[in-house]
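Following: one structure in structure tokens, then a few remarks.
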Amino acid sequence: MQGRGNSKFQETWTRLKKNKVAFASLFILLILFLIAVFADLIAPYSYSEQNLTNILQKPSSEHWFGTDQYGRDIFSRVIYGSRISLSVGFVAVGVALLAGGILGAIAGFYGGRVDNVIMRCMDILLSIPSVLLALAIVAAFGTSIINLMIATGISTVPSYARLIRAEILSIKDQEYIEAARAVGTNDFIIITKHIIPNCLAPILVQATFGVATAILTVAGLSFVGLGLQPPIPEWGSMLSDVRAYIRGYAYMMVPPAVAIAITVFCLNSLGDGLRDALDPKLRN
């Protein structure tokens, strides 16, 4: 069983490596993760360090991306911002995946009235735009990093619940599930040991896309002033802070905007690559 799992992983990994764009995206994302983890060592300045004698300086050897209106080093703030944006994005997806996974698994496995109640609640949440729902939650409970993660996660719970429910409905009547029931295996073991592992491929792909969406959502909330508050660096809030200077000092908007674009592009490309590598219909 273990050998077969390893073989499947190796086969998927080999197929993913053949997709040059997806593999390059994975490599860039690994670099971004390392930058986020070792931000304290990489950034030449503190993200909150102000020097009013060096305000609005253009890129130079001393300040690679220039300085902002408070004399803070933009390069250092982008480095620290990667830690915030990536952590919020991944934790938000984790919250959505956990809540949506539990609800979707219960709805798909038991069906009937339980399924109807859960899915109608998901339909109600789906009727509200995810960004608007996240904005309402943050506005109601405050603009802390925890609230931002929870708000972004809750706004995407329905999509994961529907996905996992659909996957469970397609496999819960398979022969190996019936065999597990026949030997007296309880429902919890059937769901966690037999059903969920066979749903991992679409869940993994959806989660990859979900992180990109979460990063954009957080950046959007920060841009309108409902994200993390200064001086904490977050790419969306950095864009919001320099809006008044865009005409004369456009260079200040480029680094955080490019960071968001590269991260989202790499996550989407990796998601496409994983989908192709994990989908048996697309195998050569």
Open item on the list: Compute, for the chain, the length of the dipole vector about the Cα centre, with Cβ point charges of +1 (Lys, Arg) and -1 (Asp, Glu) only. Units Debye, rounded to 20.
Closed with: 540
- [ ] Pick out, from ILE42, LEU32, GLY236, the residue whose Cα sits farthest towards the positive end of the charge dipole of segment 2-282, with +1 on the Cβ of Lys and Arg and -1 on the Cβ of Asp and Glu.
- [x] LEU32
Task: Proximal lysine pairs, the chain, alpha carbons under 28 Å, eight or more residues apart or interchain - done: 12
Task: Estimated FRET transfer efficiency when R0 is 30 angstrom, pair LEU169-TRP64 (beta carbons, to 0.05) - done: 0.05
Task: Share of pairwise Cα separations in segment 2-282, more than 35 Å, in percent - done: 29
- [ ] At 0.36 nm per residue, minus the direct Cα-Cα distance, what do LEU56 and ALA139 gain on full extension? Give it in nm, one decimal, please.
- [x] 26.7 nm
Task: Full-extension gain in nm, GLU49 to ARG247, via 0.36 nm per residue minus C-alpha separation - done: 68.8 nm
TODO: Divide by every residue of the chain the summed helix terms, -39500 (n - 2.57) for each DSSP H run of at least 4, and state the resulting mean residue ellipticity at 222 nm, rounded to the nearest 500 deg cm²/dmol.
DONE: -22500 deg cm²/dmol
Task: Percent of Cα-Cα distances greater than 25 Å, calculated over segment 135-246 - done: 44
Open item on the list: Give me the one-decimal nm value for the distance between modelled label points at LYS193 and ILE146, 7 Å along each residue's Cα-to-Cβ direction.
Closed with: 3.6
Open item on the list: Spelling out what I want: for every residue of segment 37-46, take phi, set θ = phi - 60°, compute 6.51 cos²θ - 1.76 cosθ + 1.60 (Karplus), and round to whole Hz; glycine and proline get x.
Closed with: 5, 9, 4, 4, 8, 7, 5, x, 9, 6
Task: log₁₀ of I(q)/I(0) at q = 0.10, 0.17, 0.21, 0.22 Å⁻¹ - segment 25-163, Debye sum with one point per alpha carbon - done: -0.51, -0.96, -1.14, -1.17
TODO: May I ask you to compute the full-extension gain from ILE124 to PHE265, defined as 0.36 nm times their residue separation minus their alpha-carbon distance, rounded to one decimal in nm?
DONE: 47.7 nm
TODO: Take the chain, connect every pair of alpha-carbon atoms lying under 10 Å apart with a spring to form a Gaussian network, then pick out the residue of VAL218, VAL114, VAL91 with the largest mean-square fluctuation.
DONE: VAL114
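Here, each number is a calculation from the coordinates, and none is a lab measurement. Please read all numbers here as calculations on a predicted model, not as lab measurements. So basically every Cβ, Gly included, is an ideal-geometry build from the backbone, and we count neighbours across all protein chains shown.
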